[in-house]
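Working notes, beginning with the structure itself.
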Amino acid sequence: MHTLPILLALALPRQEPATPMGPQAPAERYAAVFDGGSVLWEEFHHELARRYRGRPVGQKALEHLVERVLVEIECEERDLHFDPARTQARIAEFRRQLEQAGHRLEQHLADRHMELDEFRALVELSIATEDLVRKDLGIAAGERVPPEKIALWQKEMRKRHAVVTDPRELPTDRCAKVGDREIPLSRLGEVMAQSLVTGDKERVLRDMCAYRLLRAKAADLGVQVGRADLEAEVQARRDELAERPELGKVSLEDLLLAEGRTLADYVDGEVFRTNVLVRVLGEKLHPTADLEADFRDRTVWWQERIGPSRRVYRLWLQGKPKREPEQARKLLVELRPKLAGKNLFQAYARKLSEDPSSANLAGDLGLLHRRETRYPEELLEAAFKAPIGVVSEPVEDTGGWSLLFVSDVVPGPDGDARVTAMRRYLMSELLAELIKAKDLRFVGLGG
């Protein structure tokens, strides 16, 4: 089948299908709701784009969007019309391919938050792309259009239509400009959402709900966050960079640009604003003197939660219903000798791990403390017993088995940094309580 890259991506099974979302009628505009608040899909798409547009998932989505607009412009300029019969035949071919792989087209599209009409439009564009490439590059009718020819044509079209994707040259609410057409930032997030697994989307939505809940809590306590607080947080980030000589004289703007983001992306993003709220509200709820006294009274308790941490990587295989648990364990026993060193472990985790979220990060679980609510006790115990730089024996873990790799040990904070860590820990506990009390539900994700 000759299709645009985005259609080829749609044909591939994903690691974890999302729960069908269905058409977004006016009554279904919400991605998440809780008692007293909500997150709209448009808000979610904006946050996705601000947060991830510089990462591979964002770069790929932006590439697809630009390609789509280029084809639309060329079709309009050449007065090219779509043939419904060709489109229907291509959809039927795609449907047959999915059925041979054990999938249904309707479910396949629902898993990607895509309606049939939108998919039909993509098919029309893929056919139009082939016709345009044949005409411009002299490929005979009926002859297969190689992907490299499509890529060459797209490269030339980018030059012809003066494509701009550098965020520094665009308004803050746009992700690209093709000729005189601007692509909204929310549209980028919408395309990105189609390729993210459910767990990743839930994580972002939970962050967004946390921001709203914290904002309401602050209002109840008469705490206000103003421009001075936002500027102070930006300056704190600049100061942190200045204290890291290994980064040279890199500015915050340079660092963000390397991630494909702007300072506006950073400051307007809800992660940044949540951090400001956590700091301001935390200082009111948990004065420094109280925290220092609590640490003296419960030193061991606090050390297990904010003290020394370990950077842990995981390669997880599911047990039932995919396979018997013992089979998962044996597969990891056979795999373990091949995973010498961090780089190999990351490569295999990205390829083989059946935990979609950590697999996307090459198995990285981040810095773990001895007591965590995110992971089971068995995993944490094994992580803190594992020697540094050596793959662990298989560990029974959350309905399956894991191999762990600990790359670094980070000492716990002291002084002011310890007080800050304690405050953040207590604020995360407050957030968990608020989310539970407010009955958070992920509407379009089936939660």
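The values are calculated or read from the model by the stated rules, or taken from the named source; none is laboratory data. Everything quoted here is computed from the prediction, not taken from an experiment. We place every Cβ from the backbone using ideal geometry, glycine too, and count neighbours over all the protein chains shown. When the accessible area is computed, the model is the full protein with side chains, heavy atoms only, and any ligands, DNA or RNA have been set aside. Shrake-Rupley method; radii C 1.70, N 1.55, O 1.52, S 1.80 Å.
Summary table
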read-out: Residue count, the range 76-111 (criterion: under 20 Å from S195 (Cα atoms), of a type in the set (A, V, I, L, M) and open to solvent by less than 60 Å² (accessible area, probe 1.4 Å)); value: 4
read-out: Every pair of residues 6+ apart whose Cβ atoms lie under 6 Å, when the first sits in the range 72-88 and is within 13 Å of S126 (Cα to Cα) while the second is of a type outside the set (A, V, I, L, M) and open to solvent by less than 90 Å² (accessible area, probe 1.4 Å); value: F82/E124; T87/E124
read-out: Unique residue being over 30 Å from I73 (Cα atoms), open to solvent by 70 Å² or more (accessible area, probe 1.4 Å) and in contact with a Ser or Thr (Cβ under 9 Å, 6 or more places away or on another chain) when the list is R244, R238; value: R238
read-out: Subset of the range 153-182 [of a type in the set (A, V, I, L, M), in contact (Cβ under 8 Å) with a residue 24 or more places away in the chain and not in a loop (DSSP other than H, G, I, E, B)]; value: M157, A176, V178
read-out: Failed item, numbered, when G319 is tested on (1) closer than 29 Å to T198 by Cα; (2) in contact with a Leu (Cβ under 8 Å, 6 or more places away or on another chain); (3) open to solvent by less than 20 Å² (accessible area, probe 1.4 Å); value: (2)
read-out: Among the residues listed as A264, A219, the single one being open to solvent by less than 50 Å² (accessible area, probe 1.4 Å), within 27 Å of G282 (Cβ to Cβ) and part of a helix (DSSP H, G or I); value: A264
read-out: Test: residue in the range 286-302 that is within 25 Å of L361 (Cα to Cα) and surrounded by 15 or more Cβ atoms within 10 Å (Cβ to Cβ); value: no
read-out: Residues of the range 222-255 satisfying the condition of being in contact with a Lys or Arg (Cβ under 8 Å, 6 or more places away or on another chain) and in a loop (DSSP other than H, G, I, E, B); value: V223, V225, S251
read-out: The range 386-411: number of residues that are at pLDDT below 95, under 20 Å from E304 (Cα atoms) and buried (at least 16 other Cβ atoms within 10 Å of the Cβ); value: 1
read-out: Any hit, the range 183-200, residues being in a loop (DSSP other than H, G, I, E, B), in contact with a Gly (Cβ under 8 Å, 6 or more places away or on another chain), of a type outside the set (A, V, I, L, M) and modelled with pLDDT under 90; value: no
read-out: Residue in the range 69-77 that is under 27 Å from the mean Cα position of the chain (by Cα), at pLDDT 90 or above and not in a loop (DSSP other than H, G, I, E, B) present; value: yes
read-out: Any hit, the range 128-147, residues being of a type in the set (D, E), open to solvent by less than 10 Å² (accessible area, probe 1.4 Å) and in a helix (DSSP H, G or I); value: yes
read-out: Long-range neighbours under 6 Å by Cβ, at least six apart or interchain, first residue within 21 Å of T373 (Cβ to Cβ) within the range 383-409, second open to solvent by 60 Å² or more (accessible area, probe 1.4 Å); value: E396/E378; V406/I388
read-out: Residue that is touching a Ser or Thr at 6+ places or on another chain (Cβ under 9 Å) and touching a residue at least 12 places away in the same chain (Cβ under 8 Å), where the choices are V225, V197; value: V197
read-out: Some residue of the range 191-214 being surrounded by fewer than 16 Cβ atoms within 10 Å (Cβ to Cβ) and more than 24 Å from the chain's Cα centre (by Cα); value: no
